[in-house]
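Here the structure is laid out as structure tokens; the discussion comes afterwards.
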Amino acid sequence: MSNDAIVILREDHKEVRALFREFRRKDVTQARKGQIVAKVVELLTVHTYIENEVMYPEVRRLLPDLEDDVLESYEEHHVADVLVTELSTMQPSDERFDAKTTVLIESVTHHMDEEESDWFPKVREGLGRTQLRELGEKLLAAKERAPRSPAQPSALKKAVDAVVS
Ligand SMILES: [Fe+2]
Ligand SMILES: [Fe+2]
């Protein structure tokens, strides 16, 4: 597995996108929708944690010109956090489950598209290969300690930090 920071983050996005696609299929059962959303909640909790803890602050420090993008990302993640936290307590049979998931899919897809088409290229240009590898190692280490559910205290703390700091 690559230790390039951008490759690592792209792989996460790919996994999330595959689940989003499956959720949108017409033949997917309600039970399967529940499993998909549970997995999406877990993946996004980890992914948000490693971006908020490592990627965004490090890029902000190393490439101050990208600060506005980082601040926008914090806000987009914050919106997704709200939906993820609510979905984590819901059942697929709940009236608003599908609608909330659809809004999550739309907003997270927009954010991932922006990272992939706009932000990652800027970061790759600004940082050398070595720095991207060092950043990748930090991302992998953060993954090990990352919360897997929004109910875990470290998930809540990072959400609060991202908004108020
Ligand atoms: Fe992000
Ligand atoms: Fe991302």
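Here, each number is a calculation from the coordinates, and none is a lab measurement. Note that this is a predicted model, so its numbers are computed, not measured. No Cβ is skipped: glycine too gets one built from the backbone with ideal geometry, and neighbour counts run over all protein chains shown.
List of remarks:
- Thr29, Thr109 arranged by Cβ crowding within 10 Å, fewest neighbours leading: Thr29, Thr109
- Taking Met90, Met55, Met112 in turn, the Gaussian network model of the chain (Cα-Cα springs below 10 Å) assigns the largest fluctuation to Met90.
- Where the alpha-carbon atoms of segment 4-77 are placed on the principal axes, they occupy 47, 25, 17 Å, in descending order.
- Summing +1 for each Lys or Arg and -1 for each Asp or Glu among the other residues whose beta-carbon sits under 12 angstrom from that of Thr102 gives +2.
- From largest to smallest, the equivalent ellipsoid semi-axes obtained for the chain from the alpha-carbon gyration tensor read 28, 16, 14 Å.
- Neighbour counts of other Cβ atoms within 10 Å put His13, His110 in the fewest-to-most order His110, His13.
- Choice from Leu63, Leu43, Leu139 with maximal GNM fluctuation in the chain (Cα, 10 Å cutoff): Leu63
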